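To start, the structure itself, in C-alpha cells.
The values are calculated or read from the model by the stated rules, or taken from the named source; none is laboratory data. Keep in mind it's a predicted model, so treat the numbers as computed, not measured. All Cβ positions, glycine included, derive from the backbone under ideal geometry; neighbour counts span all protein chains shown. Note: areas computed on protein heavy atoms with side chains; ligands, DNA, RNA excluded. Shrake-Rupley method; radii C 1.70, N 1.55, O 1.52, S 1.80 Å.
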Amino acid sequence: MENTGVAINRQTFKQKMQSYLKHPGSMIVCFLTILAAAITTLVFVYLIAYILIKGIPFLTPDLFQWEYNSENVSMLPSIINTLLLTALALIIAVPLGIFAAIYMVEYAKKGNRLVKIVRITAETLSGIPSIVYGLFGMLCFVTMLKMRLSLLSGALTVAIMVLPTIMRTTEEALLAVPYKYREGSFGLGAGRLRTVFRIVLPAAVPGILSGVILATGRIVGETAALIYTAGTMAEVPSNIFSSARTLSVHMYLLSKEGLNTNQAFATAVVLMIMVIFINMLSNFLGKKLAAKEAD
C-alpha cells in the first residue's frame with residue numbers, strides 16, 4: 001500500500017511538472033506561493049522564538065502575586081481582569097450576533113433592504129481601527145452614560161468591536177447548512193422556530209464557534225480601546241463599575257515605562273500562551289462537534 005501511494009505521488013508530481021513546463025506562468029505563481037508561505041512561517045516562528053527566549057527567564061513567582069506594586073509588577077490581577085472582561089463582552093456580543101444572523105438568514109425575505117444595510121454596516125465596522133472604538137466608548141459609555149473608566153465600559157466597547165465578526169461568521173455558518181435539513185424538519189411538521197434551534201443551529205455550531213473564538217482572541221489582545229474605557233488600575237475590580245487593567249494593557253504600560261522591559265516580555269509570553277490555548281481549544285471543540293454532527 002505504501003509503495004502504491006509513493007508511486008501515485010510521483011506520478012502526480014510528474015504531471016504537475018509537465019503542466020508547469022507547458023505553462024511557465026503557473027510555475028512562477030507556484031514558486032511565489034511557496035515563497036510567501038515559507039516567509040510567513042519563518043516570521044511566525046521567529047516571533048514566537050524571540051518572545052519565548054526574551055520572556056521565559058523572567059517568569060518569576062513575583063509576577064503572579066495577588067497584589068500589584070511597583071516592585072513585583074504582578075500580572076495576576078491583569079490576567080483575572082482579562083478573563084472577566086472577555087466573559088462579560090462575550091455575554092453581551094454572542095447572543096446579539098447569533099440572533100441577528102438568525103434573523104437575516106432564516107426570517108428576513110430575500111432581497112430585504114434592511115439585511116443589505118446590516119451586512120454593509122458590519123463589513124464597514126470590521127475595518128474600523130480599534131482606537132476609534134476606544135474614543136467612541138470613552139465619549140459614549142465613560143462620559144455620556146457616566147460609567148467612568150470601568151470593566152463594564154471596556155466590555156461594552158469591545159463587544160461592539162467584535163459583534164460584526166460574530167454576526168458575519170454565524171451568518172456564513174447558517175448559510176452553509178443544507179436547505180434539505182430545513183425541508184425535512186418542515187416535512188415532519190416542525191415550525192420555523194423549532195427547526196432553527198433544534199436542526200439548523202446544532203449543524204452550524206462549529207462555524208459559530210470559530211467566530212466566537214476569533215472574537216475572543218481579539219478581545220484578549222486588545223489594548224488601544226481598553227485604555228480609554230476600562231482604565232489602567234492594576235487590581236481585581238470589586239464590581240463591574242471599577243477600573244480594570246487587562247493583560248495587553250499591562251504589557252503596554254510596562255514597555256512604555258521602560259523600567260520593566262523584561263517583565264513586559266514575560267507578560268507577552270503569558271499572553272501568547274493564552275491566545276494559542278484559545279486557538280487550540282477552538283480547533284479541538286470544532287473537530288469534536290463536527291465529528292458528532294457527522295455521526
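Specify the residue that is nearest to Q65 (Cα to Cα); the eligible residues are those in region 243-264 that are small (G, A, S) and surrounded by fewer than 19 Cβ atoms within 10 Å (Cβ to Cβ).
If we take residues in region 243-264 being small (G, A, S) and surrounded by fewer than 19 Cβ atoms within 10 Å (Cβ to Cβ), then S255 is nearest to Q65 (Cα to Cα).
I'd like the full set of residues that are among the aromatic types (F, W, Y) and touching a residue at least 40 places away in the same chain (Cβ under 8 Å), limited to region 226-258. Working first, answer last.
Residues of region 226-258 that are among the aromatic types (F, W, Y), as a first pass: 228, 241, 252.
Of everything in region 226-258, those that are among the aromatic types (F, W, Y) and touching a residue at least 40 places away in the same chain (Cβ under 8 Å) turn out to be Y228, F241.
Suppose we filter region 125-145 for residues that are modelled with pLDDT of 85 or more and exposed (fewer than 12 other Cβ atoms within 10 Å of the Cβ); how many remain?
Count: 2.
Could you grab me the full set of residues in region 102-113 that are open to solvent by 90 Å² or more (accessible area, probe 1.4 Å) and either touching a Cys at 6+ places or on another chain (Cβ under 8 Å) or at pLDDT below 85 (or both)? Quick ask: steps written out before the conclusion?
Here is the first cut: in region 102-113, the ones open to solvent by 90 Å² or more (accessible area, probe 1.4 Å) are 103, 107, 109-110, 113.
If the condition is that a residue be open to solvent by 90 Å² or more (accessible area, probe 1.4 Å) and either touching a Cys at 6+ places or on another chain (Cβ under 8 Å) or at pLDDT below 85 (or both), then Y107, K109, K110, R113 are the ones that fit.
Just one of (1) at pLDDT 85 or above; (2) in a helix (DSSP H, G or I) trips up S282, so point out which.
Evaluating S282 over (1) at pLDDT 85 or above; (2) in a helix (DSSP H, G or I) leaves (1) as the failure.
What is the number of the single condition among (1) within 30 Å of V236 (Cα to Cα); (2) open to solvent by less than 90 Å² (accessible area, probe 1.4 Å); (3) out of contact with any Phe, Trp or Tyr (no Cβ under 8 Å at 6 or more places or on another chain); (4) hydroxyl-bearing (S, T, Y) that T33 does not meet?
Condition not satisfied by T33: (1).
Of the residues that sit in region 185-200 and are touching a residue at least 12 places away in the same chain (Cβ under 8 Å) and not β-branched (V, I, T), which one is surrounded by the most Cβ atoms within 10 Å (Cβ to Cβ)? Walk me through how you get there before you give the answer.
Initially, region 185-200 is screened for residues touching a residue at least 12 places away in the same chain (Cβ under 8 Å), giving 185, 192, 195-196, 198-200.
Okay, now just the ones that are also not β-branched (V, I, T), so 185, 192, 198.
Values: S185: 18, R192: 13, R198: 11.
The residue in question is S185.
Conditions (1) modelled with pLDDT under 65; (2) open to solvent by less than 90 Å² (accessible area, probe 1.4 Å); (3) more than 30 Å from I276 (Cβ to Cβ), marked per residue:
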site: M1; (1), (2), (3): yes, no, yes
site: V6; (1), (2), (3): yes, yes, yes
site: K14; (1), (2), (3): yes, no, yes
site: M17; (1), (2), (3): yes, yes, yes
site: I28; (1), (2), (3): no, no, yes
site: T41; (1), (2), (3): no, yes, no
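Which residue out of T223, T267 is in contact (Cβ under 8 Å) with a residue 24 or more places away in the chain and crowded, with 24+ Cβ neighbours inside 10 Å? Explain how you work it out, then say what you get.
Working: T223 fails: crowded, with 24+ Cβ neighbours inside 10 Å.
From the options T223, T267, the qualifying one is T267.
Taking region 126-139 on its own, how many of its residues are closer than 28 Å to I102 by Cα and over 15 Å from the mean Cα position of the chain (by Cα)?
Start the filter on region 126-139 by keeping residues that are closer than 28 Å to I102 by Cα, which leaves 126-130, 133, 136-137.
Retained after the next criterion (residues that are over 15 Å from the mean Cα position of the chain (by Cα)): 128-129, 133, 136-137.
Counting residues in region 126-139 that are closer than 28 Å to I102 by Cα and over 15 Å from the mean Cα position of the chain (by Cα) gives 5.
Any idea which residue in region 146-169 is least open to solvent (accessible area, probe 1.4 Å), counting only those that are closer than 16 Å to T246 by Cβ and assigned to a loop (DSSP other than H, G, I, E, B)?
So in region 146-169, the residues closer than 16 Å to T246 by Cβ come out as 149-159, 161-162.
Keeping just the survivors that are assigned to a loop (DSSP other than H, G, I, E, B) gives 149-150.
Working: L149: 79, S150: 0 Å².
Ranking the candidates gives S150 first.
Identify the single condition in (1) touching a helix residue (DSSP H, G or I) at 6+ places or on another chain (Cβ under 6 Å); (2) farther than 28 Å from E106 by Cβ that M280 does not satisfy, given that it satisfies every other one.
In the conditions (1) touching a helix residue (DSSP H, G or I) at 6+ places or on another chain (Cβ under 6 Å); (2) farther than 28 Å from E106 by Cβ, M280 misses (1) alone.
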